[in-house]
Amino acid sequence: MLERVGGAAPITGENRPDHDRNGYPDRNGDRVTRFRPTIRGKFLFLGDRKLYVRGVTYGTFRPDANGDEFPPPQTVAEDFRSMKANGVNALRTYTVPPRWLLDEAERHGLRVMVGLAAERDVGYLNDGRRAHEIADAVSERVGPCSGHPAVLCFAVANEIPASIVRWFGRRPMERFIARLCDAVRKEDPQALVTYVNYPSTEYLQLPFVDLLAYNVYLESPERLAAYMARLHSIAGERPLVMAEMGLDSHRNGEDAQAASLSTQIGTTFAAGCAGAFVYAWTDEWHRGGEDVEDWAFGLTRRDRRAKPALASVHRAFAATPLPRDLEWPRVSVVVCSYNGAPTLRDCLDGLLRVDYPDYEVIVVNDGSTDATAAIAAEYPFLLVNARNRGLSCARNTGLREATGEIVAYIDDDARPDPHWLQYLASAFMEGDYAAVGGPNFTPPDDAAVADCVANAPGGPIHVLLSDRHAEHIPGCNMAFRRSALQELRGFDPQFRNAGDDVDICWRLQERDLKVGFSPAAVVWHHRRRSVRSFLRQQSHYGKAEALLERKWPGKYNRTGHVAWRGRLYGNGVKRDVTGARRWRVYYGSQGSGLFQSIYQPATRGVGALPLMPEWYLVIGALAALSLLGATWRPLLLAFAPLLAVAVGAVLVEALRSAAGAEFATAPSSRPKALGMRALTALLHSLQPAARLHGRLTQGLRPWRCRGKARPRLPIRRTWAFWSTRWTDPQTRLRTLERRITTAGAKTVRGGDYDRWDIEARVGMMVSARLQMAVEEHAGGAQLIRLHAFPRRPMAASVMGALLGVLAVVAALDHAPFVAGVLASFVAALLAWWLMESAAVAGTVAHAVEHADETATPIRRARPQRLASR
């Protein structure tokens with residue numbers, strides 16, 4: 001029973017609060033300039049107003065008599081006036097400007113990225129000068145600019161040469177840059193700090209900078225967009241700013257420069273960057289003690305006469321972040337809510353402020369018993385009241401009511417960025433995606449517990465196959481082409497609380513449809529505000545994993561965990577418990593690579609075991625065996641150390657993760673900071689147990705057995721079939737694989753170096769491998785031989801043998817109770833093995849015997865006799 005309340009009219013200026021062109025409430029310009037820039041997620045803000053940096057570089061110029069590397073004040077004032085008139089709101093200097101220049105910038109409403117030029121001092125590290133002395137010098141340079149309202153941020157250094165970084169080593173150079181950043185923050189605690197990197201040292205890991213700044217010169221829009229996507233992956237939750245981009249008009253011509261800059265700026269902001277600096281304001285350039293005259297990157301000539309590029313840049317900046325004159329597709333935003341009254345108003349207020357020309361909002365009240373319906377009725381949105389049938393059904397209800405070409409879903413505890421829909425729609429318009437998602441960040445004003453939850457594992461994360469293609473996008477921030485969803489008949493109703501987003505992504509990819517990712521399509525997602533609600537959420541996630549594993553057995557590994565093809569991104573993603581980071585840097589031949597990157601292999605093998613929920617079952621088993629040591633001491637000596645290692649692995653991972661947690665709001669005191677880190681460590685320890693509870697209650701147990709066929713005796717089997725109809729052997733194998741999968745088993749194909757073709761698994765312990773050989777005979781006839789043999793992991797055999805030996809020794813040592821318990825463990829392992837062995841043998845045999853109804857089974861294959869048939 002559905003009840004429709006209100007109408008789904010497009011959100012326009014008539015029913016939306018007054019907004020400026022950036023999608024934020026209007027503010028008096030003079031008041032806004034008094035705010036110091038802050039960072040929220042991927043963007044810069046002045047107060048509550050988003051700041052897109054539209055900048056130019058300024059300098060370096062020939063030093064004057066006082067050593068200042070800037071033109072006279074009158075020239076600077078004229079330059080700043082012209083910058084402001086052409087849509088520029090920021091400039092970048094490569095050396096520390098005098099105070100009067102900052103004052104002049106403030107008068108013209110310009111922000112300044114102040115270069116501290118520490119790259120000039122790096123070479124002194126080889127001459128015995130200590131890093132702290134250079135940091136002290138940088139701190140002194142900050143002093144005259146400290147606290148000035150015109151300062152956008154400080155850049156501690158610019159493009160330390162790749163050969164120098166390679167000479168000193170990656171880690172020492174990272175520590176040196178970190179020391180410089182600390183020196184700036186000590187002098188000006190509220191300042192934003194960055195290091196201006198470039199592709200030749202892309203591999204530098206700089207988590208301590210506030211924003212990622214890069215100098216990039218790529219003229220091809222496709223290559224530039226691809227590299228921007230890569231840099232966004234490196235930046236994570238931080239803003240990305242292009243600190244230099246441009247084209248030399250001396251070699252390419254002024255018209256080509258103008259066209260290229262327009263494309264570069266458009267590509268940069270469309271990719272979700274927080275800003276860009278065009279290199280440079282003027283052709284007047286001084287370097288190395290002399291004027292440079294064979295380059296002309298300026299928007300103006302040396303006499304300040306404008307080039308065509310200046311008007312082109314003005315137009316491109318005016319279209320920030322995306323052009324307004326595009327034919328934007330209509331978007332239907334669906335908000336599904338069940339008892340979401342505490343956060344729903346924040347979500348709907350954010351949707352009112354979305355800056356998009358044609359969208360509707362549909363609120364689906366999924367049988368809420370709180371004030372959800374009353375709150376939603378206050379807004380100019382379509383409200384659909386339905387009985388409670390779960391999240392997937394609510395999403396499908398919204399889909400049926402949607403009229404847009406694109407259907408975007410956002411959770412009732414999330415608030416969108418004002419440009420959320422623009423970035424999502426832009427991704428659809430640029431690529432052939434069936435779905436597009438974006439990141440979700442923790443709001444900076446969330447409670448302390450929610451901030452700790454945000455740093456715990458198990459949150460909504462995205463999985464990327466590449467910088468722009470996703471394997472999974474989280475349900476709190478995902479959009480689809482309506483036609484694609486309708487083709488799939490919407491979401492699977494069995495997913496009532498979670499898992500629907502994973503399932504829909506896999507179903508799209510099963511049909512060779514692409515899922516995209518837009519790093520700038522940001523939503524602010526409230527995390528759980530209590531430990532109890534967090535653990536309940538993780539239990540629901542565990543149940544969803546069980547449902548997914550039952551529906552998609554091929555996506556899960558032997559232990560029942562998703563074998564993601566892509567890399568996981570998000571706060572709280574667990575790291576290798578060993579702490580071993582096997583970084584490898586690609587430098588290029590003799591350090592000549594233009595794009596030098598870093599590689600870190602994913603966590604695999606033994607190092608990943610303590611990160612799994614089932615590790616707690618291992619701990620429980622070891623604890624039980626250790627407790628038996630009270631009756632028979634050898635057990636305590638054997639298993640207590642293993643128990644200590646197992647528990648210690650969990651605690652070490654929890655403490656390491658808590659120590660590296662980054663809180664959205666800095667704790668006000670040291671005791672509060674320690675308390676938040678302690679709570680974060682506790683959540684890291686409890687989350688796998690809660691996830692395990694959900695998995696076990698829903699049937700995803702290590703001892704699960706998925707085979708649907710009649711069990712068979714687990715022995716080696718060989719079959720032979722005679723077929724008079726020729727069939728490609730690979731087609732036969734694919735048919736076998738489908739039949740095995742249909743029977744509920746997971747299949748793995750043999751690799752290039754394997755003698756077997758298909759491996760079938762119905763559980764965790766046992767598998768069966770299938771090998772096929774085909775003999776070709778006259779007239780297209782074929783003799784098909786198949787051989788199947790069971791396999792069991794060595795670890796299970798060793799464990800069973802160990803427990804059996806201990807049971808015998810305990811019996812001989814007059815400890816009958818312990819011997820009985822250990823014998824029970826051995827019997828349980830044996831029963832588990834027999835159950836899985838019989839199930840997988842039956843599954844494979846049934847698939848083989850029914851794979852080709854036209855083939856005739858043969859008891860014994862004698863090629864000589866068959867050839868004469």
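Below, the figures for the structure above:
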| read-out | value |
| --- | --- |
| Two-site label geometry, Arg565 and Glu487: point separation in nm, points 7 Å out along Cα→Cβ | 1.7 |
| Residue-span extension gain [Gln494 to Asp349] - 0.36 nm each, minus C-alpha spacing | 49.1 nm |
| By average C-beta atoms within 10 angstrom, highest first, the peptides 261-274, 843-856 | 261-274, 843-856 |
| Among Leu206, Ala183, Ile740 the positive-end extreme of the charge dipole of the chain (Cβ point charges) | Ile740 |
| Charge dipole magnitude, Cβ of K and R +1, D and E -1 - segment 93-196, Cα centre, debye nearest 20 | 340 |
| Anchor Lys307: lysines whose Cα lies under 19 Å away (excluding residues fewer than 8 positions away in-chain) | Lys84 |
| Theoretical FRET efficiency, 1/(1+(r/R0)^6), r = Cβ-Cβ of Ala447 and Glu290, R0 60 Å, to 0.05 | 0.55 |
| Among the listed pairs Lys555/Lys708; Lys42/Lys672; Lys50/Lys672, those beyond 24 Å (Cα-Cα) | Lys42/Lys672; Lys50/Lys672 |
| Interatomic Cα distance distribution for the chain, bins of 20 angstrom, percent | 13, 38, 32, 14, 3, 0 |
| Val805-Arg633 pseudo-label distance in nm [points 7 Å out on the Cα-to-Cβ vector] | 2.1 |
| Centre separation in Å (Cα based) which lies between segment 641-713 and segment 51-92 | 53 |
| Rounded accessible area of Phe825 (nearest 10 Å², 1.4 Å probe) | 70 |
| Estimated FRET transfer efficiency when R0 is 60 angstrom, pair Leu655-His777 (beta carbons, to 0.05) | 0.35 |
| Cross-link partners of Lys543 among aspartates and glutamates (Cα-Cα below 19 Å; sequence separation of 8 or more within a chain) | Asp492, Asp500, Asp501, Asp503, Glu614 |
| Angle between the chain longest axis and helix 420-430 axis [Cα atoms, degrees, rounded to 10] | 80 |
| Net +/- balance of residues flanking Ile758 in space, Cβ distance below 9 Å, scoring K and R +1, D and E -1 | -1 |
| Mean Cα-pair separation over length for the chain, i.e. relative contact order, pairs under 8 Å, 6 or more apart, % | 9 |
| Segment Tyr124-Ala311, length gained on full extension (0.36 nm per residue, minus Cα span) | 63.0 nm |
| Segment 139-201, relative contact order in percent, only Cα pairs under 8 angstrom and at least six apart counted | 55 |
| Spatial separation of Cα centroids for segment 169-199 and segment 841-855, in angstrom | 65 |
| Dipole of segment 63-144, positive direction: furthest Cα of Pro73, Val88, Leu102, with charges on the beta-carbon | Val88 |
| Acute angle (nearest 10 degrees) that the helix 341-352 long axis makes with the longest principal axis of the chain, alpha-carbon atoms | 50 |
| Listed residues Ser518, Ser530 arranged by accessible area, highest first, probe 1.4 Å | Ser530, Ser518 |
| Zone of Ala374's modelled label, taken as backbone nitrogen in segment 331-358 under 19 Å from a point 7 Å along Cα→Cβ | 337-349 |
| Given charges at beta-carbon only (K, R positive; D, E negative), |dipole| of the chain in Debye | 4460 |
| Dipole moment magnitude, nearest 20 debye, segment 639-776 about Cα centre, only Lys, Arg, Asp, Glu C-beta charged | 640 |
| Residue list for segment 93-123, given a label point 7 angstrom along the Cα-to-Cβ vector of Glu133 and an amide N cut-off under 18 Å | 118-123 |
| Calculated FRET value between Thr742 and Thr856, using beta carbons and R₀ = 30 Å, to 0.05 | 0.80 |
| Solvent-accessible surface (1.4 angstrom probe) belonging to Ile375, in square angstrom, nearest 10 | 20 |
| Angle in degrees between helix 308-318 and the longest Cα principal axis of the chain, rounded to the nearest 10 | 60 |
| Zone residues, segment 426-461, relative to Leu674, backbone N less than 20 Å from point 7 Å out along Cα-to-Cβ | 448-449, 452 |
| Top positive-direction residue, dipole computed over segment 237-388 with Cβ charges, set Leu310, Ile265, Pro357 | Pro357 |
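The values are calculated or read from the model by the stated rules, or taken from the named source; none is laboratory data. As the structure is a computational prediction, the values presented were derived from the model and not from experiment. Positions of Cβ are generated from backbone atoms using ideal geometry, with glycine treated the same way; all protein chains shown enter the neighbour counts. These area figures cover heavy atoms from the full protein model, side chains too; ligands, DNA and RNA do not enter into them. Shrake-Rupley method; radii C 1.70, N 1.55, O 1.52, S 1.80 Å.
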